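Every number in this text was worked out from the coordinates using simple rules, so none of it is lab data. Everything numeric here is computed off the predicted structure, so don't read it as measured data. Heads up, the Cβs are rebuilt from the backbone with ideal geometry, glycines too, and the neighbour counts pull from every protein chain shown.
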Amino acid sequence: MGLKPPHLLLASSNSHKMLKNLRHILDDDACNAIRNEINANVKLLFDLGESHYIFAKHLAKQHWRQRISRFYYGAYNVRRAISLDDSGSFGTEVDDHKKTILPNELSNHSTYSNQIGVLRDDRNLSDYDHTSVESDLVNTQDDTELFVTSFIADAKIYLVSRGVTL
């Protein structure tokens with residue numbers, strides 16, 4: 001399942017390239033309407049990430065598998081919001097989870113890019129390895145929560161500085 005047509009993000013795998021290619025036939029109002037729709041989707045992705053994050057924070061630590069999974073999906077959707085805003089890329093396929101590169105303008109982008117991959121590995125262990133125990137995680141629950149908290153805070157500053165209303 002995925003987005004339901006008609007949807008702007010189904011028109012192209014890269015909304016920025018699409019807009020660039022339409023500028024010669026659309027007037028400024030139409031181009032601004034497309035840009036506003038892209039920004040609305042950036043906000044919705046960010047909100048989805050924040051929702052997963054808040055849910056994870058409220059889970060008891062004994063539910064480590066669910067906490068790690070929701071923290072990952074919080075970071076993942078915020079990363080998707082940044083990617084949509086920065087490069088126009090949007091995907092729903094499995095390979096999208098491997099995309100961890102973040103723009104240089106985002107504070108701590110290298111750390112976040114690396115740690116999102118580590119968090120994905122911990123999420124895979126939590127969600128799919130029935131033999132795993134909490135001590136098998138690369139990062140502790142507390143470290144994961146701290147990481148995602150920082151990432152969301154820096155992402156918010158970054159997106160707002162780019163004109164996205166969160």
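Plainly put, region 90-166 has a radius of gyration that is 1.02 times its Kirkwood radius, both from alpha-carbon atoms, as the Rg/Rh ratio. Within a straight-line Cα-Cα reach of under 20 Å, K17 can be paired with the following lysines, leaving aside sequence neighbours fewer than 8 residues apart in one chain: K43, K99. What is the sum of charges around L3, taking Lys and Arg as +1, Asp and Glu as -1, for the other residues whose C-beta is under 15 Å from the C-beta of L3? Every neighbour counted, the sum reads -1. Neighbours of V160, meaning other residues whose beta-carbon lies under 13 angstrom from its beta-carbon, give a summed charge of 0 when Lys and Arg score +1 and Asp and Glu score -1.
Sorted largest first, the spans of the alpha carbon positions of the chain along the three principal axes are 57, 32, 25 Å. When the chain is treated as a Gaussian network with alpha carbon springs shorter than 10 Å, the biggest mean-square fluctuation among D86, D47, D136 belongs to D136.
Which GluC sites (Glu not before Pro) in region 86-166 pass both tests, a DSSP loop state and at most 12 other beta-carbon atoms within 10 Å? In loop regions of region 86-166 (DSSP not H, G, I, E or B), the sparsely surrounded GluC sites (Glu not before Pro) are E93, E105.
The share of alpha-carbon pairs in region 6-58 lying farther apart than 14 Å comes to 61%. Per residue of the chain, the DSSP helices (runs of n ≥ 4 H) give a summed -39500 (n - 2.57) that works out to -21500 deg cm²/dmol at 222 nm.
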